[in-house]
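The values are calculated or read from the model by the stated rules, or taken from the named source; none is laboratory data. These numbers come from a predicted model, not from an experiment. Reconstructed Cβ throughout: ideal geometry from the backbone, glycine too, with neighbour counts over all protein chains shown.
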Amino acid sequence: MPLFDIKVQQETRQEAVRMAYQQQQRIKQEASQAKMITRMQQFLASGDPILVAEALAWAKVNPGILKVNQLSLLPKLQTD
């Protein structure tokens with residue numbers, strides 16, 4: 001086998017390894033993000049003022065991710 005062909009095969013293999021590594025890192029990052037989104041959504045749903053505040057602070061830094069429009073943040077006014 002000519003040296004050129006060996007070099008091409010080696011470069012191709014290295015590129016495949018690099019691409020597989022990048023894909024693995026992307027999958028890990030997406031899983032981590034999904035876990036955080038779920039956690040923050042649970043914080044919102046908990047009704048605990050501290051957890052809700054934490055989730056809202058996170059939502060400000062990461063706009064458009066949490067479903068905050070479904071949350072009634074204002075206390076209900078009692079009318080006597």
### Query
Within the set of pairs 6 or more residues apart or between chains, which connect a residue that is farther than 15 Å from residue 67 by Cβ inside region 43-55 to a residue that is among the small types (Gly, Ala, Ser) and surrounded by fewer than 16 Cβ atoms within 10 Å (Cβ to Cβ) with Cβ atoms less than 6 Å apart?
none
### Query
What are the pairs, 6+ residues apart or on separate chains, where a residue within region 56-68 that is within 14 Å of residue 38 (Cβ to Cβ) has its Cβ under 7 Å from a residue that is part of a loop (DSSP other than H, G, I, E, B) and not β-branched (Val, Ile, Thr)?
59/66
### Query
Of the residues 72, 46, which is more than 19 Å from the chain's Cα centre (by Cα), modelled with pLDDT under 90 and of a type in the set (Gly, Ala, Ser)?
72
